[in-house]
Amino acid sequence: MLRFVSNIDMIEKMEYHTKFAHQSGKMTDVFDGLHYRCLCTTHVTVDRTTLPHKFFSQDTDIAMGISTDGFCPFKCRKQTCWPIIAFNYNLPPEIHFHHSNILCLGVIPGPKQPKDMDSFLTPLINEFLELAHGVAAFDRK
């Protein structure tokens, strides 16, 4: 994340979401989704404590998406691994999924699909909950 927020060019690209305008009846980006728009009117709640700010209420807020899917890294197909990757939705849609903009948060080794995915995701979720309280951020404006 530091690479994203310490690079002026990347900061300018991440401002895409602040200029995005939803057009009724059109779905062109994640910001058009009903869930995102609902979150924007909702106060952040962590551990049953409602915080004073709403989701995505600041220009410096970052909308992230997380994905995981298993694959076989070797031809013998006896081993699998499950990368946990994050997408920065603040970037324009045409570059959301470029390799240079994807964060690999971890890799769950095989040999098979994880039996308890939550045990691997819990540290990540805990960190996101900590970030939901808000952190100091550089604002170049």
Worksheet item: Among the listed residues A21, A63, which satisfies the condition of being surrounded by 14 or more Cβ atoms within 10 Å (Cβ to Cβ) and modelled with pLDDT of 90 or more?
Response: A63
Worksheet item: Out of all the residues in the stretch 131-141, is one or more surrounded by 12 or more Cβ atoms within 10 Å (Cβ to Cβ), more than 14 Å from the chain's Cα centre (by Cα) and farther than 26 Å from I11 by Cα?
Response: no
Worksheet, complete the sentence: Reported set for the stretch 81-100 where residues are without any contact (Cβ under 8 Å) to a residue 60 or more places away in the chain and surrounded by 13 or more Cβ atoms within 10 Å (Cβ to Cβ) is C81, W82, P83, I84, I85, A86, F87, H96, F97
Item to complete: Taking the options T41, T45, T50, T68, name whichever one is open to solvent by less than 70 Å² (accessible area, probe 1.4 Å) and in contact with a strand residue (DSSP E or B) (Cβ under 8 Å, 6 or more places away or on another chain).
Response: T68
Worksheet item: Has the stretch 31-50 got at least one residue that is farther than 26 Å from D9 by Cα, modelled with pLDDT of 90 or more and touching a helix residue (DSSP H, G or I) at 6+ places or on another chain (Cβ under 7 Å)?
Response: yes
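The values are calculated or read from the model by the stated rules, or taken from the named source; none is laboratory data. It should be emphasised that the depicted structure is a prediction, and the values quoted were computed from it without experimental measurement. FYI the Cβ positions are ideal-geometry reconstructions off the backbone, even for glycines, and counts take in every protein chain you see. When the accessible area is computed, the model is the full protein with side chains, heavy atoms only, and any ligands, DNA or RNA have been set aside. Shrake-Rupley method; radii C 1.70, N 1.55, O 1.52, S 1.80 Å.
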